[in-house]
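S.K.: Sharing a structure with you now.
The values are calculated or read from the model by the stated rules, or taken from the named source; none is laboratory data. These numbers were taken from a predicted model, which means no experiment stands behind them. Note: ideal-geometry Cβ built from the backbone for every residue, glycine included; neighbour counts use all protein chains shown. Surface areas here come from the heavy atoms of the whole protein model, side chains and all, with no ligands, DNA or RNA. Shrake-Rupley method; radii C 1.70, N 1.55, O 1.52, S 1.80 Å.
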Amino acid sequence: MINKKILILKSEPLSEQQSIQLINKGYQPVHINLLKFQYHEFQLDNHYDYIFLNSPNGAVSLINNLKNTQFDYLYVVGEQSKKKLQEYQQKITVFKNQSELIDAALALQKSNILYIIGNLSEIDERLKQQHNLTIKLGYETIPNDEINITDISDVNTIVYYSKSNYDFFQNHIHLLKNAVQSIFWGPKASLSSNDEIKIILQNPTFEDLLNVL
């Protein structure tokens with residue numbers, strides 16, 4: 001029986017399976033995308049041992065700029081990133097979160113690596129020390145001013161998938177009728193938060209989210 005409403009603030013919609021899992025927990029999921037992305041063009045070398053992507057937006061940026069560049073392996077965060085790269089499925093390793101990707105990267109021998117990031121991304125300094133690391137700004141995150149937010153007054157729980165989602169939602173916080181539980185997708189997502197009722201998922205997976213509901 002559905003008796004609670006959960007607001008999911010992230011750029012990519014939930015998968016059908018994830019929506020069903022929330023419904024089975026008694027939650028009606030509502031997805032809102034508060035963000036838009038501006039993609040950049042950039043030049044690449046002829047070959048990389050590895051390409052790292054933290055998000056589906058990084059995957060879009062890679063597709064836009066890849067052209068004749070060759071690579072051996074793709075390390076990506078999340079199944080949504082993988083889905084955007086169907087042509088390269090045999091080269092992809094999927095990680096649940098950025099922390100897992102970084103751990104795997106640090107276990108590699110010195111390699112020639114391309115890392116495509118967004119304007120709000122952070123790079124682990126250890127990668128720069130251990131590898132020949134090329135960093136490209138693939139996209140910028142900006143507010144989605146075209147969004148029309150309605151029917152969230154009775155939300156019980158909000159899941160913030162990034163600090164940007166939290167910051168941009170503050171312009172709409174007045175639409176909430178009651179105090180809500182805030183759940184943050186990793187410590188970085190919570191950096192701006194002063195919420196009294198909150199849970200921070202440390203190395204988040206969707207299973208972690210289900211476990212705290």
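S.K.: Please compute the Kirkwood hydrodynamic radius over the range 163-213, one decimal place, Å, based on all pairs of different Cα atoms.
M.R.: Kirkwood radius, the range 163-213: 11.7 Å.
S.K.: How fast does the chain diffuse by Stokes-Einstein, in µm²/s, taking the Kirkwood radius from C-alpha pairs at 10 °C and 1.306 mPa s?
M.R.: 86 µm²/s
S.K.: Given the chain, what percent of its DSSP beta bridges are antiparallel, to the nearest 5?
M.R.: About 10 percent, rounded to the nearest 5.
S.K.: Let me have the relative contact order for the chain, percent, based on Cα pairs under 8 Å that are six or more residues apart.
M.R.: Relative contact order comes out at 22 percent.
S.K.: Please list Glu146, Glu207 from largest to smallest accessible area, probe radius 1.4 Å, with all protein chains kept in place.
M.R.: Sorted by accessible area, descending: Glu146, Glu207.
S.K.: Okay, next question. Between Gln38 and Lys177, 0.36 nm times their residue separation minus their Cα-Cα distance comes to what?
M.R.: Stretched fully, the Gln38-Lys177 segment lengthens by 46.7 nm.
S.K.: Stokes-Einstein at 25 °C, 0.890 mPa s, Kirkwood radius from Cα pairs: D for the range 120-191 in µm² s⁻¹?
M.R.: My calculation gives 165 µm²/s for D.
S.K.: Taking 22 Å as R0, compute the FRET efficiency from the Cβ-Cβ separation of Gln89 and Asn24 and round it to 0.05.
M.R.: In this case the efficiency is close to 0.15.
S.K.: Students often forget the sequence filter, so: which aspartates and glutamates lie under 20 Å Cα-Cα from Lys136 once same-chain residues fewer than 8 apart are removed?
M.R.: Reachable aspartates and glutamates: Glu41, Asp45, Asp49, Asp72, Glu122, Asp124, Glu125.
S.K.: Sticking with this structure for a sec: Please give the calculated 222 nm ellipticity per residue for the chain, where each DSSP H segment of at least 4 residues contributes -39500 (n - 2.57) and the sum is spread over every residue; nearest 500 deg cm²/dmol?
M.R.: The per-residue figure over the chain is -6500 deg cm²/dmol.
S.K.: I've got another one for you. Percent of Cα-Cα pairs more than 23 Å apart in the range 1-101, please.
M.R.: 38 percent
S.K.: Given a cut-off of 18 Å, what percent of all Cα-Cα pairs of the range 42-117 lie beyond it?
M.R.: 31 percent
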